[in-house]
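A.B. asks: Got a structure for you, questions after.
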């Protein structure tokens, strides 16, 4: 693949939250799991649903719906955990995020992505890399490294490690 092609085409994993379609860059995603039992950690932030055991490692699980001010994710047959690598102070940390359902991996060219709107979205636009358009649908492309402010993610990781 030429350098020009790499810089203009990006791959995203799409998923739904509260009937809206979201996406994260594929290179941030380690794997997608079926919903499994999440062990609640007492006295943690509301959006931290708990931890899971992933091949012997403790992985915190975040409910993005709660983080974005939506209702809590309800377990259904389609509920999934997207395991991602997130940058915390230049360290890669593994965490899981709940999704109502995971859709597919899509390719979007730069010309299919608009800058985030300044008003009218359910979430703070600082979290949004852009709005993708595919087949007359809009897809909110998230910047997973900007969803948590300040020491919020550090706290989540510390809370998960305290179990």
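A.B. asks: Output the residue which, of all residues in region 24-48 that are under 16 Å from residue 76 (Cα atoms) and touching a strand residue (DSSP E or B) at 6+ places or on another chain (Cβ under 7 Å), is modelled with the lowest pLDDT.
C.D. replies: This residue is 36.
A.B. asks: Only one residue in 17, 66 is surrounded by 16 or more Cβ atoms within 10 Å (Cβ to Cβ) and in contact (Cβ under 8 Å) with a residue 24 or more places away in the chain. Which one? Walk me through it before giving the result.
C.D. replies: Working: 66 fails: in contact (Cβ under 8 Å) with a residue 24 or more places away in the chain.
Checking each option against the conditions leaves just 17.
A.B. asks: Now for a separate question. Name the pairs whose Cβ atoms lie under 8 Å apart, with the first residue in region 131-154 and under 15 Å from residue 89 (Cα atoms), the second at pLDDT below 65, and 6 or more positions between them or separate chains?
C.D. replies: From residues that are under 15 Å from residue 89 (Cα atoms), the pairs are 148/156.
A.B. asks: Filter region 31-61 for residues that are in contact with a helix residue (DSSP H, G or I) (Cβ under 7 Å, 6 or more places away or on another chain) and in contact (Cβ under 8 Å) with a residue 60 or more places away in the chain; which is farthest from residue 143 (Cα to Cα)?
C.D. replies: Ranking the candidates gives 41 first.
A.B. asks: Identify all residues within region 73-84 that are touching a strand residue (DSSP E or B) at 6+ places or on another chain (Cβ under 8 Å), closer than 13 Å to residue 49 by Cα and not in a strand (DSSP E or B); write none if there are none.
C.D. replies: Once the filter is applied, which keeps residues that are touching a strand residue (DSSP E or B) at 6+ places or on another chain (Cβ under 8 Å), closer than 13 Å to residue 49 by Cα and not in a strand (DSSP E or B), region 73-84 yields only 73.
A.B. asks: When you check residue 123 against the structure, is it touching a helix residue (DSSP H, G or I) at 6+ places or on another chain (Cβ under 8 Å), modelled with pLDDT under 85, within 21 Å of residue 49 (Cβ to Cβ) and surrounded by 11 or more Cβ atoms within 10 Å (Cβ to Cβ), yes or no? Spell out the reasoning first.
C.D. replies: Numbers: touching a helix residue (DSSP H, G or I) at 6+ places or on another chain (Cβ under 8 Å): no; modelled with pLDDT under 85: yes; within 21 Å of residue 49 (Cβ to Cβ): yes; surrounded by 11 or more Cβ atoms within 10 Å (Cβ to Cβ): yes.
Answer is no for this residue.
A.B. asks: If you don't mind, another one. Just the residues that are modelled with pLDDT under 95, under 24 Å from residue 75 (Cα atoms) and in contact with a helix residue (DSSP H, G or I) (Cβ under 7 Å, 6 or more places away or on another chain), please, taken from region 1-23.
C.D. replies: 18
A.B. asks: Test each condition in (1) farther than 10 Å from residue 96 by Cα; (2) in contact with a strand residue (DSSP E or B) (Cβ under 9 Å, 6 or more places away or on another chain) for residue 69 and report the one that comes out false.
C.D. replies: Failed condition: (2).
The values are calculated or read from the model by the stated rules, or taken from the named source; none is laboratory data. Because the structure is predicted, anything quoted here is derived from the model rather than measured. Heads up, the Cβs are rebuilt from the backbone with ideal geometry, glycines too, and the neighbour counts pull from every protein chain shown.
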